[in-house]
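Undergrad: One structure is given below, represented as C-alpha cells, and several questions about it will come after.
The values are calculated or read from the model by the stated rules, or taken from the named source; none is laboratory data. Quick caveat: nothing in here was measured; it's all calculated off a predicted structure. All Cβ positions, even for glycine, are placed from backbone atoms using ideal geometry, and neighbour counts span all protein chains on display. Note: areas computed on protein heavy atoms with side chains; ligands, DNA, RNA excluded. Shrake-Rupley method; radii C 1.70, N 1.55, O 1.52, S 1.80 Å.
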Amino acid sequence: MNGQAWLLLLEGAWTTLWLCGIAISIGVVLGLGVALVRMAKIPFVDQILVLYISLARATPLVTFVLFLFLSAPMFGINMNRNTAAIVAMTLNTAAFNAEIWRAAFLSFSRDQREAALACGMTGGVFFRRIMLPQMITSSLPGLVNEMSFLIKGSPAIAVIGIVDLTRVTNRISAVTYEPLPPILCAALLYMLIISVLLKLQAMAEKKANRLAM
Amino acid sequence: MSDSNAALAVSIKRMSKSFGDIEVLRDIDLEVKKGEVVSVLGSSGSGKSTMLRCINWLEVPDRGSIHIAGERIGVNEAAGRKMNNKELATLRAKTGMVFQGFNLWPHLTVIQNVMEAPIYVKGMAKDQARAIAEQLLEKVGMSERKDAYPFTLSGGQKQRVAIARALAMSPEVILFDEPTSALDPERVGEVLQVMKNLSSEGYTMIVVTHEMEFARAVSDQVVFLEKGLIIEKSAPDKFFSNPETERVRKFLELSN
C-alpha cells in the first residue's frame, strides 16, 4: 500500500460516503413520509405503499440497482450511474425506515396526545412539538442500524460500474497483485464510518432515558 | 350568547353519550358559575370521567350541548356545522385539564412543559411565557425543580407541574380527572393543598375525585353520578350531612 493506493482508496471511500449520505438523508425523511401516509390509512394508497415496502425489502440491492439502471432508458428516463445508485439505495432504505417510523407511531402514548389537545394544540403542533422529537429519539437506534446496513450493503452499486470503496480495492490489487492489504484497509475505513454512526446512536440512547416515565 | 350564559364558566344541557350499546351518560345537566368549584363523585364506571372528557371534547357526546364561557363547543353555530380541528383547538385552549396519570411531556423540562402551550398555541413571546411559567411553578411549589426532566420527579411533583401547565393558558375552567388517584397516600396531601389554594384564588374547577374531605371542604356544588345519571346535586353541607337519596347515603357510609 503506497501513497497512490491510499489516495485511490480514499477516493472510493468518498464515493461510498456521498452516495450513501444522500440516500440516507432522503431515505430517512421519505420513510417518515411513507409512515405518515400509512397511518392515515387511505384506501388504495395504503395498499400501494404496503406493496412497495414488501417489494423493496425483499429485493436484493444489487438486483434493484441493476434493474433500475437498465430499465430506466426503456421508460425514456436518462439516468446516469450515480443517480441510479442513489435512487435505488434511497428506495431500499426508505422502505425499512418506514417500518421503523411506523413502530414509533404505533407505540406513542395516547395520554400525551390528550394532554396536548386539552391545552389547545392542533394535531399539527402536537406532532411537530411533542411527538416528532420523541419519535426521533426512540427511532434513532433502529435508523442508525439501517444506515450501517446500507453502507455495508453499498458495494452492490459497483455492479453498474461505480468505483466505490470496495470496488477500488480490485483496481489497486490489479496493479500490486496483493489483494489482501487494500481489502483490509477498506475494512478499516468502513469501520471508521460506522463508528461515527454508532457514536450518534449512543448519544441518542442517553437522551432516550429521559423518555422512560 | 346571552348574558346569563356569559356568567357561567360551563353549561351542560341534556348531554348523553353511549359507547356501543352501553349508555354511559344520560341527560346530564350542569351549570358551573365562574369561580365555583364543583366536585363530581360516584363509584367507578358511573360516567364521571367521561362527563369531564366530554366538556373539552376529548370524548364527543352523542346529544346535548356544552357551552364554555358562553361559547358552544363542537358545533359552529354561526356556520351551522361541526367545528373543525382549528376551531376546536381554540375553544379547548380556554379549558385546562389535569389527568390522573399526569401526562407530562417527557422530552421537555418542567418549565418547558409549562411554557409549551402559551408559546405554540397562543403565540406568546418566550420571555413572557417563561415569566408566567416561573410564577406558576412558584405557586405550585416547584420552582426549585424547574429545569428537571419529568422522570426525576415523584408523582405528587409531576401532578403539581401538570397543574401549572393547565394554569398557564389562563383557562376559564380547569378539569381535574381524579388528580390524586395515582398517588401514594403521602403525596395526596401536597396536590390537594395546591388545589385548595387555587379555589381560594377564584379559579373555576370541576373535580372528579374520591377525596371526600376535599369535596366537603372546597366545593360549592357536589354532584353524584350513578349509572350515567346525576342523581344528586347539592351544596356540600347538605350532600354530606343530609343526602336526598338512599344511594348517596350508602356511598358516604362505605367511604367513611
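Undergrad: May I ask you to say which residue of A:Gly153, A:Gly142 is away from chain B (no Cβ under 14 Å), buried (at least 16 other Cβ atoms within 10 Å of the Cβ), in contact with a Leu (Cβ under 6 Å, 6 or more places away or on another chain) and under 18 Å from A:Ser25 (Cβ atoms)? Walk me through it before giving the result.
TA: On the way: A:Gly142 fails: in contact with a Leu (Cβ under 6 Å, 6 or more places away or on another chain).
Selected residue: A:Gly153, the only one of A:Gly153, A:Gly142 that is away from chain B (no Cβ under 14 Å), buried (at least 16 other Cβ atoms within 10 Å of the Cβ), in contact with a Leu (Cβ under 6 Å, 6 or more places away or on another chain) and under 18 Å from A:Ser25 (Cβ atoms).
Undergrad: Give me a count of the residues in segment B:229-252 that are farther than 16 Å from B:Ser219 by Cβ and either open to solvent by 80 Å² or more (accessible area, probe 1.4 Å) or of a type in the set (D, E, K, R) (or both). Spell out the reasoning first.
TA: Of the residues in segment B:229-252, the ones farther than 16 Å from B:Ser219 by Cβ are B:229, B:231, B:244-247, B:249-250.
From what is left, the residues that are either open to solvent by 80 Å² or more (accessible area, probe 1.4 Å) or of a type in the set (D, E, K, R) (or both) are B:244, B:246-247, B:249-250.
Residues in segment B:229-252 being farther than 16 Å from B:Ser219 by Cβ and either open to solvent by 80 Å² or more (accessible area, probe 1.4 Å) or of a type in the set (D, E, K, R) (or both): 5 in total.
Undergrad: Can you go through B:Val110, B:Val75 and tell me which one is free of Cβ contacts under 8 Å to residues at least 60 places away in the same chain, more than 29 Å from B:Glu211 (Cβ to Cβ) and either touching a Pro at 6+ places or on another chain (Cβ under 8 Å) or surrounded by fewer than 18 Cβ atoms within 10 Å (Cβ to Cβ) (or both)? It would help to see each step written out before you state the result.
TA: Details: B:Val110 fails: more than 29 Å from B:Glu211 (Cβ to Cβ).
After ruling out the rest, the residue left standing is B:Val75.
Undergrad: I need a count of the residues in segment B:201-231 that are assigned to a helix (DSSP H, G or I) and either closer than 25 Å to B:Arg63 by Cβ or of a type in the set (A, V, I, L, M) (or both).
TA: Going residue by residue through segment B:201-231, those that are assigned to a helix (DSSP H, G or I) are B:212-218.
Pick out the ones that are also either closer than 25 Å to B:Arg63 by Cβ or of a type in the set (A, V, I, L, M) (or both) and you get B:212, B:215, B:217-218.
Residues flagged as assigned to a helix (DSSP H, G or I) and either closer than 25 Å to B:Arg63 by Cβ or of a type in the set (A, V, I, L, M) (or both) within segment B:201-231 amount to 4.
Undergrad: Let me ask you something else. Out of (1) assigned to a strand (DSSP E or B); (2) under 21 Å from B:Ser181 (Cβ atoms), the odd one out for B:Glu59 is which?
TA: Here B:Glu59 clears every test but (1).
Undergrad: While we're looking at this one, here's another question. Go through (1) more than 23 Å from the chain's Cα centre (by Cα); (2) more than 14 Å from chain A (Cβ to nearest Cβ); (3) hydrophobic (A, V, I, L, M, F, W, C) one by one and return the number of the condition B:Phe151 breaks.
TA: Unmet condition: (2).
Undergrad: Let me ask another. Could you list, in sequence order, the residues of segment B:79-93 that are within 9 Å of chain A (Cβ to nearest Cβ) and either assigned to a helix (DSSP H, G or I) or surrounded by fewer than 19 Cβ atoms within 10 Å (Cβ to Cβ) (or both)? So that I can check it myself, show each step before the final result.
TA: Filtering segment B:79-93 down to residues within 9 Å of chain A (Cβ to nearest Cβ) leaves B:85-86, B:88-93.
Residues satisfying the conditions are B:Asn85, B:Lys86, B:Leu88, B:Ala89, B:Thr90, B:Leu91, B:Arg92.
Undergrad: Conditions first: (1) within 14 Å of chain A (Cβ to nearest Cβ); (2) of a type in the set (Lys, Arg); (3) without any contact (Cβ under 8 Å) to a residue 24 or more places away in the chain. B:Lys158 passes all but one, so which condition is the exception?
TA: Of (1) within 14 Å of chain A (Cβ to nearest Cβ); (2) of a type in the set (Lys, Arg); (3) without any contact (Cβ under 8 Å) to a residue 24 or more places away in the chain, only one is false for B:Lys158: (3).
Undergrad: In segment B:113-148, which residue that is of a type in the set (Asp, Glu) and either over 25 Å from B:Gly202 (Cα atoms) or open to solvent by less than 40 Å² (accessible area, probe 1.4 Å) (or both) is nearest to the other protein chains (Cβ to nearest Cβ)? Walk me through it before giving the result.
TA: We begin by selecting, within segment B:113-148, every residue of a type in the set (Asp, Glu); these are B:116, B:127, B:134, B:138, B:144, B:147.
Now drop any that are not either over 25 Å from B:Gly202 (Cα atoms) or open to solvent by less than 40 Å² (accessible area, probe 1.4 Å) (or both), which leaves B:116, B:127, B:144, B:147.
Numbers: B:Glu116: 6, B:Asp127: 19, B:Glu144: 19, B:Asp147: 13 Å.
So, considering only residues that are of a type in the set (Asp, Glu) and either over 25 Å from B:Gly202 (Cα atoms) or open to solvent by less than 40 Å² (accessible area, probe 1.4 Å) (or both), the one nearest to the other protein chains (Cβ to nearest Cβ) is B:Glu116.
Undergrad: Which residues, taken from segment B:30-62, are charged (D, E, K, R) and within 14 Å of another protein chain (Cβ to nearest Cβ)? Let's see the steps before the verdict.
TA: So in segment B:30-62, the residues charged (D, E, K, R) come out as B:31, B:33-34, B:36, B:48, B:53, B:59, B:62.
Within segment B:30-62, B:Arg53, B:Glu59 qualify.
Undergrad: Mind counting the residues in segment B:95-107 that are assigned to a loop (DSSP other than H, G, I, E, B) and either crowded, with 23+ Cβ neighbours inside 10 Å or at the interface with chain A (Cβ under 8 Å from one of its Cβ atoms) (or both)? Before the answer, list the steps.
TA: Step one: list which residues in segment B:95-107 are assigned to a loop (DSSP other than H, G, I, E, B), which gives B:99-107.
From the residues that got through so far, the ones that are either crowded, with 23+ Cβ neighbours inside 10 Å or at the interface with chain A (Cβ under 8 Å from one of its Cβ atoms) (or both) too are B:99, B:101-107.
So the answer is 8.
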